[in-house]
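The values are calculated or read from the model by the stated rules, or taken from the named source; none is laboratory data. Computed from a predicted structure; not experimentally measured. As a convention, Cβ positions derive from the backbone with ideal geometry for all residues, glycine included, and neighbour counts pool all protein chains shown.
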């Protein structure tokens, strides 16, 4: 009689297909876990902006200005110090809603700190005049204290956006009278359709929140299209 | 049992069409066992010996080229590659998660814990029930609800506001909520959170807005103690689950009369959240 060849008894074992399914499900769980540990970051700054809108129960706005990560849109004349890290890791958005502008600053920092992002709503009915000012949030501009002026010497400038100037504007200037009596003038740069950005130096200890300003818009021939005086809005 | 050269040749021909290595080795081992069994049978039945028995066994096994084609058709390589890839991905994800946990542990070690002690949570559990109206408000996919409250009618009053949402990856923005929050009392007194508090940094170096919850402490014209308008964030505590955040809204030195209603108002651009509670007598 043939000797009974002993084979090792096989315990219950999944087939390779089911093992693959199991591995992929485990991967999915771990991906979700690591996504949560990292604070649920999204792939694109624009998606983060939209998420911040939803988290602040803001209706979806129309994005009129996007300062992309890695681009250095703020350019203050005479600025010698350039904070590379800030410019490489931050994104800014300005969105227009019904009667308000929304400004968002995203600074995806380290793991579990993805909430290092700020969004602020600027209602237009609190500003006089036809043209509205939207001070930009920056890491060194503490808008929460009601001031739109940077106090950090490492950061070269602050941004103020005017979402709409008259059609045909080729040159725009914003002059702000600071608390110490100094008048700061900056020429704006056209960033989008009718969207102008004014980058101010931050080498003053005084603030500009609530300070008077004069906004001048001229056409290509130098003719004045609009002049508006008002007060730089404070955050609410 | 060591196979002879022609058996090895047979095996190679039969399995060379299987492109996925682990499959090929497994099938080869299986076929080898069959050859060994059959060789033993040939030796036992026909009293053949050694290579002769093996040759007879191979003849009965069939044409190796034909078997090879059939095996190659059955064993598709992509399933094997996918299996390999899933194992690699699983390994990578385990490493990534381990790194995340290590990083967070390191961060907490260097920054100190931002969570409250268990004593505060016990106090939370011991809070008196409150009368609520309405029970909850839904806005923008979030549900707002007052969960608990406490008052000693003199020094301290607080209510716990819970904001929940099934979108766990989009918890309500605490900074935005605190900015818009106002506490309204029966006599029309409105108390909001000072900007200085929102911008402040706690003694542990962490901004209250960067933690998972915050005490909101402020006074008003009703406060009898002139020194009481200091912002105290030491008593901060938090509670956060996957689908909710609890925010402890604390009023200090604002006397609340028995039966007085406290209303939380959050004025969002999308709409206004309004929640009321009447705090009962309670002791912690």
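Applying the selection to the stretch B:32-54, what residues are part of a helix (DSSP H, G or I) and touching a helix residue (DSSP H, G or I) at 6+ places or on another chain (Cβ under 6 Å)?
B:35, B:38, B:39, B:42, B:43, B:53, B:54
Which of the following residues is at pLDDT 85 or above and in contact with a helix residue (DSSP H, G or I) (Cβ under 7 Å, 6 or more places away or on another chain): B:29, B:57?
Working: B:29 fails: in contact with a helix residue (DSSP H, G or I) (Cβ under 7 Å, 6 or more places away or on another chain).
Matching residue, one of B:29, B:57: B:57.
The number of residues in the stretch B:41-86 that are under 18 Å from residue B:28 (Cα atoms) and either touching a strand residue (DSSP E or B) at 6+ places or on another chain (Cβ under 6 Å) or within 14 Å of chain A (Cβ to nearest Cβ) (or both) comes to 6.
Taking every residue in the stretch B:90-104 that is facing chain A (nearest Cβ under 7 Å) and pairing it with any residue that is modelled with pLDDT under 90, at least 6 positions away or on another chain, the pairs with Cβ-Cβ distances below 6 Å are B:96/A:34; B:97/A:33; B:97/A:34; B:100/A:34; B:100/A:37; B:103/A:111; B:104/A:112.
When B:277, B:228 are checked against the criterion of being modelled with pLDDT of 50 or more, more than 26 Å from residue A:120 (Cβ to Cβ) and out of contact with any helix residue (DSSP H, G or I) (no Cβ under 7 Å at 6 or more places or on another chain), a single residue qualifies: B:277.
Between B:175, B:148, the distinction of being surrounded by 14 or more Cβ atoms within 10 Å (Cβ to Cβ) and farther than 18 Å from residue B:277 by Cβ belongs to B:175 only. Scanning the stretch A:50-65 for residues that are in contact with a strand residue (DSSP E or B) (Cβ under 7 Å, 6 or more places away or on another chain) and either surrounded by fewer than 19 Cβ atoms within 10 Å (Cβ to Cβ) or at positive phi (or both), we see that the one that is farthest from the other protein chains (Cβ to nearest Cβ) is A:63. If you scan the stretch A:112-130, which residues turn out to be within 12 Å of chain B (Cβ to nearest Cβ), farther than 18 Å from residue B:268 by Cβ and modelled with pLDDT of 75 or more? The answer is none; no residue qualifies.
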